[in-house]
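S.K.: Below you will find the structure I want to go over with you.
The values are calculated or read from the model by the stated rules, or taken from the named source; none is laboratory data. Remember, predicted model here, so these are calculated numbers, not experimental data. No Cβ is skipped: glycine too gets one built from the backbone with ideal geometry, and neighbour counts run over all protein chains shown. Heavy atoms of the whole protein, side chains included, go into the accessibility calculation; ligands, DNA and RNA do not. Shrake-Rupley method; radii C 1.70, N 1.55, O 1.52, S 1.80 Å.
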Amino acid sequence: MEIRSLEDLRAADNLSLAFNPYGLGSRMRPEDAVEFQQRQIADCDLVEGVAAGTRDSFERLRTVFAYGVLCYDVYTMVGDQALLVFEQALRDRFMEWCGGSITFRFPQDPEVTVAVASYDEVKKLADRMARRRAKLVVATNGIEFNGTLYGLRRWARTAGLLRGRRSRSVEEALAKLRNYVAHPSGHHVDTPVEAARTVRDLAELINQLWGRATPGGRLYPAPLHREIAVLSWNGLGRARMEPAGALFVPDPPEEQDGEYQHIVVRAIPFIPNSRWNDDHWAEFDTRYETTRFPTDYLWGPGTREEARTWLEGERPEGDSVDFTDRVFLIQNHGRLLPPMRPAVAAGLPDGERAGVWHAVRADFPDDAFAHVRGSGDASAGHVRRRGDCSVCSAEVLGFGSFDEALRAAAAALGPIQAVQLPSVRLPLSIFWPNRP
Ligand SMILES: [Zn+2]
């Protein structure tokens with residue numbers, strides 16, 4: 001090979017300089033690029049308690065990432081290595097979880113508990129047990145576990161260490177990439193953008209494995225803060241959302257015609273440029289989950305004055321809500337209706353329980369709806385039995401009659417308390433126009 005000088009090794013790689021804050025384009029100065037690239041992953045710190053081996057590997061990745069400005073190939077190597085750290089983190093977490101022994105359950109025989117001192121021992125044992133059709137005991141469940149990445153992911157999900165439906169799809173994609181990296185069959189090149197995202201995803205995953213959700217995270221977001229908000233609309237098709245506090249300042253002129261109706265809800269507040277704004281807030285409906293994030297009905301409809309009086313008397317407060325892994329019921333009666341909260345469905349009168357019902361777990365109502373709609377077409381590949389869907393991020397909990405679907409929801413959520421809310425919805429709809 002060609003021997004390069006120290007000066008040459010220290011020189012910036014022109015390819016790396018082409019990535020600037022606006023994407024690809026004019027080259028950055030090397031000193032700016034060094035700072036810009038390091039900032040992309042500067043804030044993804046691991047929480048306390050993460051196993052030392054996993055932490056060391058992760059910090060090494062962050063260190064090496066900075067050298068990508070000098071050598072573009074580093075980004076590909078960082079991306080690949082991150083996928084291997086993904087498995088290391090699962091192994092380290094498994095060893096902490098098992099506390100030195102694991103239990104297997106045989107089809108007929110009683111359970112056996114075996115001491116294990118390292119993951120290599122776990123893997124050998126698990127492989128042997130899998131061939132004897134024994135299952136790993138995780139709390140009250142028995143799962144197939146042969147010690148591979150596939151088994152580790154299943155274990156982490158069953159043990160409740162990983163959560164979310166969309167994140168599960170990403171874990172699936174990471175696992176496929178990891179297998180590709182371990183057994184490469186071709187040539188691939190990562191950009192700094194892809195490498196940084198992989199490192200950030202990895203940080204979220206490791207932190208979640210050790211029990212900490214990521215504020216504002218892409219994969220395992222911490223619960224979102226909800227505030228008291230007022231939704232209002234008039235007969236001219238105008239709607240708006242404002243914080244409850246806005247009712248205590250003098251009325252804006254257009255409100256004084258008194259034609260607006262108001263309701264009070266608990267909702268994700270609108271924050272400029274936030275990834276968590278609810279684009280569907282104006283679809284709010286007490287019967288259906290037509291907003292993207294959980295929005296709770298509190299009062300209304302009524303005039304601005306009445307809303308103010310109610311707020312003064314009740315003084316409701318904000319809260320925080322985990323929007324992942326929600327359970328929705330979807331009714332198909334002549335046509336497919338929007339997703340419903342199980343508690344709302346449980347409060348339906350007998351006459352409105354006809355048709356086929358689906359119980360689906362998803363992060364967003366549109367995900368649940370898209371799955372059920374897609375499963376009507378066999379060629380689309382959506383799963384049509386209980387379990388994780390292989391082509392979308394939904395999990396099928398059950399389907400059949402109203403009672404069967406409600407039972408499936410209760411099996412996932414625990415006993416469901418029926419609620420009966422006044423029928424209130426904002427009149428204009430873009431995303432969910434097909435409502436009875
Ligand atoms: Zn699906």
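S.K.: Considering only segment 125-228, give the helices (runs of 4 or more DSSP H) lying wholly within it that have at least 2 residues that are surrounded by 21 or more Cβ atoms within 10 Å (Cβ to Cβ) and β-branched (Val, Ile, Thr).
M.R.: Details: elements: 149-158, 166-182, 192-209.
By residue number, 192-209.
S.K.: Does Val424 meet the test of being buried (at least 17 other Cβ atoms within 10 Å of the Cβ) and without any contact (Cβ under 8 Å) to a residue 40 or more places away in the chain?
M.R.: no
S.K.: Sticking with this one: Answer yes or no: is there a residue in segment 332-341 that is modelled with pLDDT of 95 or more, open to solvent by less than 30 Å² (accessible area, probe 1.4 Å), within 16 Å of the ligand (Cβ to nearest atom) and more than 20 Å from Phe284 (Cβ to Cβ).
M.R.: no
S.K.: Based on what the data block shows, is Gly211 under 30 Å from Pro316 (Cβ atoms) and under 21 Å from the mean Cα position of the chain (by Cα)?
M.R.: no
S.K.: Here's another thing I want to ask about it. Out of all the residues in segment 261-319, which are without any contact (Cβ under 8 Å) to a residue 60 or more places away in the chain and among the small types (Gly, Ala, Ser)?
M.R.: Answer for segment 261-319, where residues must be without any contact (Cβ under 8 Å) to a residue 60 or more places away in the chain and among the small types (Gly, Ala, Ser): Ala267, Ser274, Gly302, Gly313.
S.K.: For segment 362-392, name all the residues that are open to solvent by 40 Å² or more (accessible area, probe 1.4 Å), under 26 Å from Asp322 (Cα atoms) and away from the ligand (no atom under 11 Å from the Cβ).
M.R.: Listed by number, the residues that qualify are Asp366, Arg386.
S.K.: Criterion first (near the ligand (Cβ under 9 Å from one of its atoms) and surrounded by 13 or more Cβ atoms within 10 Å (Cβ to Cβ)) does Val419 satisfy it?
M.R.: Taking the combined requirement at face value, the residue does not satisfy it.
S.K.: Can you find even one residue in segment 269-287 that is surrounded by 19 or more Cβ atoms within 10 Å (Cβ to Cβ), of a type outside the set (S, T, N, Q) and part of a strand (DSSP E or B)?
M.R.: yes
S.K.: Tell me which residues, restricted to segment 393-415, are part of a loop (DSSP other than H, G, I, E, B) and within 18 Å of Leu336 (Cα to Cα).
M.R.: Hits for segment 393-415 are Ala394, Ser401.
S.K.: A further question follows. Within segment 302-338, work out how many residues are in contact with a His (Cβ under 9 Å, 6 or more places away or on another chain) and within 30 Å of Ala213 (Cβ to Cβ).
M.R.: 7
S.K.: Do the conditions hold for Val396, that is, is it within 12 Å of the ligand (Cβ to nearest atom), under 25 Å from Pro223 (Cα atoms) and β-branched (Val, Ile, Thr)?
M.R.: Working: within 12 Å of the ligand (Cβ to nearest atom): yes; under 25 Å from Pro223 (Cα atoms): yes; β-branched (Val, Ile, Thr): yes.
Criteria met by Val396.
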